Structure formats: C-alpha cells, structure tokens
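J.: Dumping the structure here so I can ask a few things about it.
The values are calculated or read from the model by the stated rules, or taken from the named source; none is laboratory data. This is a predicted model, so every value here is computed, not measured. Note that each Cβ is placed from the backbone with ideal geometry, even for glycine, and that neighbours are counted across all protein chains shown. Quick note on the areas: whole protein, heavy atoms, side chains included, nothing else; ligands and nucleic acids left out. Shrake-Rupley method; radii C 1.70, N 1.55, O 1.52, S 1.80 Å.
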Amino acid sequence: MAATPIAASSRYIPEGVTHYYFVTTIATYTAPTRGELNAGTDLTPEIASTGDWGITSAAVDTPDLATLFTSQIPGKISVSSSTIDMYADSTSADVRTLLPRGTTGYIVKFPEGDVTGRKMDVFPVKVGSQAKPTNLGNPSVIQLSFYVTKIPAENVAVP
C-alpha cells in the first residue's frame, strides 16, 4: 500500500500576502495580543526586499570509533539574513526616523498575511545598521540589518 499523500496546499507568492510589522512592546512575545500588534507599524508598503529571516539549527557532528559514518545532532539555533530593504525618501522622511541604530523591539512576520488563525513568527530584535547602498538606475533604499536577540517565536497563531 502506498503512503498517504500530503494534503494539497493553496500556493501563493509573497507579494501582496506577506506582511512585516515592527512592534515596540510585547509583554509575552511568544503570544502577542491583537492590541499589541495593532500598536505596531506595518512596514509592508515601503519594503523593497527582505532577507529570508530563516530560523535554522546548525548540525553538530557526533563521530564515534565504532563506524566510519558521522552522525549528527541538532545544534544552536540562529536566524539567517535578518535584513529589510525599505525605500528611501528624497527628504529623509522614511524608516530612518522609526528605526535608528540601536532601536529594540520586535519584527513580526506574517507569511500568509495578518489573518486571524494563520501563523506568524515573532523576532525580538535590535537594529544594527541603516546602510544606504547606491544602485544606479534603481530606487534608493535603506538597508536595515537586525540582530535577533532571543530565540524567535515560530508558528504562533495570529490573534
């Protein structure tokens, strides 16, 4: 008998669906309230691109003398590419005011949108930099780099 196939998904592209909020204060970041999320700032309309914000676990080798095979165990957790590129304003009225270097708070990523019952990830962060890369012929951006300061809350139900 063949294995049961995984349920079909409703596929989508992130544009028009995925949202990013910056929230200054969350009492329990593993379970934000609707009020706390609403008090944040929706960064989505000004985002040009993002890093992948991938929550990954390193592999740790566990070799032994009994075999030539090197097994592995899960190691430390980290977040890769925690950046957001936001459009710059020619009068400097942009994200630089909201998120100067050293600002702490939370980036909340809603992969399937801010819809009750769907999932979100909450990243406790500190702004590390506001780079201003020059890319001739393209809109100017402010490239924000974030340091994730605690283990993110993954797959939290959107209230």
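J.: Take the alpha carbon atoms of segment 1-83, find their radius of gyration, then divide it by 2.2 N^0.38 Å using N residues; give the quotient.
T.: Numbers: Rg = 20.1 Å, N = 83, 2.2 N^0.38 = 11.8 Å.
So the Cα radius of gyration is 1.70 times the expected 2.2 N^0.38 Å.
J.: Please report the relative contact order for the chain, taking Cα pairs under 8 Å with a sequence separation of at least 6, and give it as a percent rounded to a whole number. Kindly include the intermediate steps, with their values, before the conclusion.
T.: Working: 309 pairs, mean separation 37.7, N = 159.
Worked out over the chain, it gives 24 percent.
J.: Same structure again: Report the local net charge at Leu144: Lys and Arg +1, Asp and Glu -1, summed over other residues whose C-beta lies under 10 Å from its C-beta. The partial results should precede the final answer.
T.: Numbers: positive: Arg96, Arg101; negative: Asp85.
Summing Lys/Arg as +1 and Asp/Glu as -1 gives +1.
J.: Now, a different point. At a Förster radius of 22 Å, what calculated FRET efficiency corresponds to the Cβ-Cβ distance of Thr91 and Tyr147, to the nearest 0.05?
T.: That gives a FRET efficiency of 0.15.
J.: Tally Lys/Arg at +1 and Asp/Glu at -1 over every other residue whose Cβ is under 13 Å from the Cβ of Thr18; what's the total? Intermediate values should be presented prior to the final figure.
T.: Details: positive: Lys109, Arg118, Lys119; negative: Glu15, Asp42, Asp52, Glu112, Asp114, Asp121.
Once positives and negatives cancel, what remains is -3.
J.: Also: If the chain between Thr25 and Ala3 were fully stretched, how many nm would it gain, using 0.36 nm times the residue separation less the Cα-Cα distance?
T.: Working: separation 22, 0.36 × 22 = 7.92 nm, distance 4.58 nm.
Between Thr25 and Ala3, full extension yields an extra 3.3 nm.
J.: May I pose another question? Could you order Leu43, Leu65, Leu136 by accessible surface area, starting with the largest, using a probe radius of 1.4 Å?
T.: Reading off the accessible areas and sorting them downward yields Leu65, Leu136, Leu43.
J.: OK, next. In whole Å, what three semi-axes, largest first, describe the equivalent ellipsoid of the chain built from its Cα gyration tensor (square root of 5 times each eigenvalue)?
T.: Those come to 32, 22, 18 Å.
J.: Taking springs between alpha-carbon atoms closer than 10 angstrom, which of Pro63, Pro133, Pro124 fluctuates most in the Gaussian network model of the chain?
T.: Pro63
J.: Heavy atoms of the protein only, probe of 1.4 Å, neighbouring chains included. What is the accessible area of Thr70 in Å², nearest 10?
T.: Its accessible surface works out to 60 Å², give or take rounding.
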